[in-house]
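Encoded as structure tokens, the structure appears first; notes follow it.
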Amino acid sequence: MPVLLLNASLQPLNVISRRRLVVLLTKERVAFLDDAVQAMVVEELAQRRFSDGVIVVRLLRNIVVPRRMLRPNRRNLLLRDEHCCQYCGIHAAPPELTIDHVIPVSRGGNPSSWENQVVACKRCNSRKANHLPAEVHLRLRRPPRPVVQEYAHLLFLRYPEVRSAYEDLLSSVLPESGVGRADRVGHASRGVLSALGGLQS
């Protein structure tokens, strides 16, 4: 059961463990945004089990989250390019993909910049070799750019099911009046505490 933790402003912060959820609920630092989900979690806690669905909770107080400048390592490049070869467009598992320097390092290309590295399948990388893309009739599907988005961008790439749950949440929460829901959110976690029992340790 993935647990998506939101800031008080509804900004996605992280995916946390069930144990961490229990700790935050015990300390009354988070609350649910959906009464039905709260009731379900209360029942599951009482039975010491959790379903496979995504649970979304938010902090009761907003925290300041600095923007992160991520390194262009293999993992982050695969996430940015969505496991897709930037030349032919094929999607593949990580072992079948490589990292290609658009301008070869031997020809003056930057060896470690976001803009000069793209995900490529083994076939395209072998075809390109030490050439520029145009020299072997290859074209980038999109310009490689640094990942400068908020942390949520990569969080949703790693957990697609969490993104879907978050979008569903926004569509159901945003149109509502803030006052009534805010009152419920501020007290929702208290109904869970009696069900925690031995899970607090």
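The values are calculated or read from the model by the stated rules, or taken from the named source; none is laboratory data. Computed from a predicted model, the values in this text were never measured in an experiment. FYI the Cβ positions are ideal-geometry reconstructions off the backbone, even for glycines, and counts take in every protein chain you see.
For a quick check of your reading: which strands (runs of 3 or more DSSP E) sit entirely within the range 5-119 and have at least 1 residues that are crowded, with 17+ Cβ neighbours inside 10 Å, modelled with pLDDT of 95 or more and more than 22 Å from the chain's Cα centre (by Cα)?
97-101
Would you mind telling me which numbered condition in (1) at pLDDT 65 or above; (2) surrounded by 12 or more Cβ atoms within 10 Å (Cβ to Cβ) A129 fails?
Here A129 clears every test but (2).
Taking the criterion of being among the β-branched types (V, I, T), in contact (Cβ under 8 Å) with a residue 12 or more places away in the chain and within 24 Å of A165 (Cβ to Cβ), would at least one residue in the range 61-82 satisfy it?
Yes, the range 61-82 contains at least one residue that is among the β-branched types (V, I, T), in contact (Cβ under 8 Å) with a residue 12 or more places away in the chain and within 24 Å of A165 (Cβ to Cβ).
Can you go through V42, V54 and tell me which one is touching a residue at least 60 places away in the same chain (Cβ under 8 Å), among the aliphatic types (A, V, I, L, M), within 20 Å of L154 (Cβ to Cβ) and not assigned by TED's automatic domain parsing to the domain that holds A120?
Exactly one residue qualifies, and that residue is V54.
Just checking, does the range 145-155 include any residue being assigned to a loop (DSSP other than H, G, I, E, B), within 30 Å of P95 (Cβ to Cβ), at pLDDT 80 or above and touching a Ser or Thr at 6+ places or on another chain (Cβ under 7 Å)? Reasoning before the result, please.
Quick first cut of the range 145-155, residues assigned to a loop (DSSP other than H, G, I, E, B) only: 145-150.
Pick out the ones that are also within 30 Å of P95 (Cβ to Cβ) and you get 145-150.
When the remaining residues are screened for being at pLDDT 80 or above, the result is 145-146.
When the remaining residues are screened for being touching a Ser or Thr at 6+ places or on another chain (Cβ under 7 Å), the result is none.
Looking for residues that are assigned to a loop (DSSP other than H, G, I, E, B), within 30 Å of P95 (Cβ to Cβ), at pLDDT 80 or above and touching a Ser or Thr at 6+ places or on another chain (Cβ under 7 Å), one finds none in the range 145-155, hence no.
Might you check whether a residue that is at pLDDT 50 or above and either among the small types (G, A, S) or within 25 Å of R61 (Cα to Cα) (or both) occurs anywhere in the range 185-195? Give the steps one after another, and end with the answer.
As a first pass, look at the range 185-195 and keep what is at pLDDT 50 or above: none.
No, there is no match, as no residue in the range 185-195 is at pLDDT 50 or above and either among the small types (G, A, S) or within 25 Å of R61 (Cα to Cα) (or both).
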